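Values quoted throughout were computed directly from the atomic coordinates according to the rules given, and no laboratory measurement underlies them. Remember, it's a predicted structure, so these values are computed and weren't measured experimentally. Ideal geometry is used to build each Cβ from the backbone, glycine not excepted, and the neighbour counts take in all protein chains shown.
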Amino acid sequence: MARATLALLASFIFAAVPILLLGLSYLGILVILMMVMEMMIMAVFMVMYMMNPAGLMPMKMVHNNKMSLVIAAAVFVLLAAGALFTPWPSGTAEAAVSGSTTTGGRSAADPTLALGLDLMGPHMLVMIVIGLALFASMVAVVVLSTHRGRYDRFGDDLQRRPADDPVRGGLGK
């Protein structure tokens, strides 16, 4: 699962590259940093809570493999045909990219600001606060779900030998 998480992270970084190529460096770097943090948190939680995080036991997690390949190919062909046969607007590339609703189709002076306003509008502060609250909730859940602390096995001064392991079968036996 950790390898799948890192592969997903790579795909998100590759998806941010067009944003960087459009000249929106702040937004592109922001997307990359956000996805790196999100995927690393996801990898930590998966390793903590999954039965087999290293993938040492072979398992097949794909059902109906042939039909899923057919559906994926059909969706790809449909999307590629839509991209090729859609009449795209004419004009300069900058005007086409930054033709947002906030600028009325004209080229914006600051395309990053125009894109941010189109995506979030006045709700950016709310989304930042919600993100912090979600992260604090995840940390609180992990802290509250752990029934013992880091000093339970060896005592407060870490000198107790042998370790007093409340869960038998570990290193303290």
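Rounded to the nearest whole Hz, the Karplus-based 3J(HN,Hα) values (6.51 cos²θ - 1.76 cosθ + 1.60, θ = phi - 60°) of the stretch 71-84 follow the sequence 5, 4, 5, 5, 5, 4, 4, 5, 5, 5, 5, x, 5, 7, with x at glycine and proline.
Shown for Arg3, Arg160: other C-beta atoms within 10 Å of each C-beta, ranked fewest to most, produce the order Arg3, Arg160.
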